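**Q** Below is a structure I'd like to ask you about.
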Amino acid sequence: MSRRRDVPRATAGERPPGKGFGRRGFLTALPVAGAGTALLGGCVSRAGAVTDVDRILSVSLGQAEDHPSYGALLDFGERLAGATDNRWGVRVYANNSLGDQQETVQLVSDGAIDMAVISGTQIENSSPRFLPMNVPGVFDDMDHQNRVMLDDSIVGELFTSLEPDMRLTVLGGFTQGSRHLYTAPGPIESPDDLSGLKIRVQESKIFLDLINAMGGVPTPMAYSEVYTGLQAGVLDGAENNEISYVTQRHYEVATHYTLTNHLIGFDFFLANTDLLEEMGPEDSRALRETFTETQNAFVEIWRQETEKATEQMRERGVEIHEPDPAAFAPIIEETGYAILQDEADIAMYEAIRAASEEAP
Ligand code: GCU
């Protein structure tokens, strides 16, 4: 039976909520503000080419509009409208304007938001079965990761495992590329340099263990709060890919970027399962297929955008450090494998490794 919230239909074309809207107030006002489930009719003017679609799906994103996943979601919206004869389009709510990731998982589950981009480490909190996907060293590179994420024999069951209890379906997602450390006080050449430094992590066991093992003091915090945390000195550093570092302007408050390559992350794309059922087989298949096209194109876009972000870092005076790989690599590898909890985790980890081109 459908558990989607009964959201009154409204005409689209409305103003997207801004940061200053106040989350509580915003959620109360969700139906009239235009998010919520499949609003009837309208055009998505800010989303470029998606105009005059019959129903608009809300998508929550934690990134700013200059992050490539924003453009990718607009691309997906255009493809979806094209493939469904303008029956469906999307509106992307950037900058966590619908809530931080941990909240939006629940909102998609409730059907108050149709879809959301959620970091792997946050889904790990809903289901530990996702944990092997977040383990340092499990993927050789982004191509290996993308191959795995599209391989039904590896991820098929996992991606539907949240449907019965949470009404969440995973449709794939976007690579986060390699993640690295950045710090305000100075460069990080070895675990000793991290001693006593408060490093922001996502709210996840993997990151707590990893930063601990690397020598720092892990400090869980929502993504949207990291800039002020660094600025106020509540944090000494954080960890993320080059693109997030630049688009969140963290280089303004932490100028040492250390290439630790500790993990290749993944942002999962979640949809409310009842929505997919309501769309019917033809349109929900179109949604899956068009998202996969966008996901595939994203890997190359990510490579190019990472180069651009690195260039921007240099222009803005960021000091980029390359520590001796031997300083962190063994610690990272050991922590990664130790995180696996049980036989199911180990089986998933091994299936992912077997899909590596480097696998024996
Ligand atoms: C990356 C990732 C986000 C995540 C963020 C974080 O930017 O793409 O989904 O929220 O890291 O560190 O919280």
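The values are calculated or read from the model by the stated rules, or taken from the named source; none is laboratory data. Everything numeric here is computed off the predicted structure, so don't read it as measured data. Don't worry about glycine lacking a Cβ; one is built from the backbone with ideal geometry, like all the others, and counts go over all protein chains shown. To get the accessible areas, we keep the full protein, side chains included, count just its heavy atoms, and leave off ligands, DNA and RNA. Shrake-Rupley method; radii C 1.70, N 1.55, O 1.52, S 1.80 Å.
**Q** Give me the residue from the stretch 193-212 that is in a helix (DSSP H, G or I) and open to solvent by less than 40 Å² (accessible area, probe 1.4 Å) and, out of that set, farthest from the ligand (Cβ to nearest atom).
**A** Going through the qualifying residues, I end up with L194.
**Q** Right, another one. Might you let me know whether the stretch 97-120 holds any residue that is in contact with a Pro (Cβ under 8 Å, 6 or more places away or on another chain), farther than 16 Å from F268 by Cβ and surrounded by fewer than 22 Cβ atoms within 10 Å (Cβ to Cβ)?
**A** yes
**Q** Could you list, in sequence order, all residues of the stretch 213-231 that are under 17 Å from T335 (Cβ atoms) and open to solvent by 60 Å² or more (accessible area, probe 1.4 Å)?
**A** Within the stretch 213-231, V217, P220 qualify.
**Q** Follow-up question, since we're still on this one. Of everything in the stretch 225-241, what is part of a helix (DSSP H, G or I) and away from the ligand (no atom under 16 Å from the Cβ)? Give them in sequence order.
**A** The one that is part of a helix (DSSP H, G or I) and away from the ligand (no atom under 16 Å from the Cβ): Q231.
**Q** Go through the residues of the stretch 155-177 one by one and say whether even a single one is among the basic types (K, R), within 15 Å of the ligand (Cβ to nearest atom) and not in a helix (DSSP H, G or I).
**A** No, that holds for no residue.
**Q** Consider N125 carefully, then state whether it is open to solvent by 10 Å² or more (accessible area, probe 1.4 Å), within 13 Å of the ligand (Cβ to nearest atom) and within 16 Å of I339 (Cα to Cα).
**A** yes
**Q** May I pose another question? How many residues, within the stretch 129-147, are part of a helix (DSSP H, G or I) and surrounded by 22 or more Cβ atoms within 10 Å (Cβ to Cβ)?
**A** Number satisfying all stated conditions: 6.
**Q** Being within 14 Å of the ligand (Cβ to nearest atom) and not in a strand (DSSP E or B) is the filter here; which residues of the stretch 252-275 pass it?
**A** Of everything in the stretch 252-275, just one residue is within 14 Å of the ligand (Cβ to nearest atom) and not in a strand (DSSP E or B), namely A254.
**Q** If the requirement is being open to solvent by 40 Å² or more (accessible area, probe 1.4 Å) and at pLDDT 95 or above, which of these qualifies: E278, E357?
**A** Going through E278, E357 in turn, the sole match is E278.
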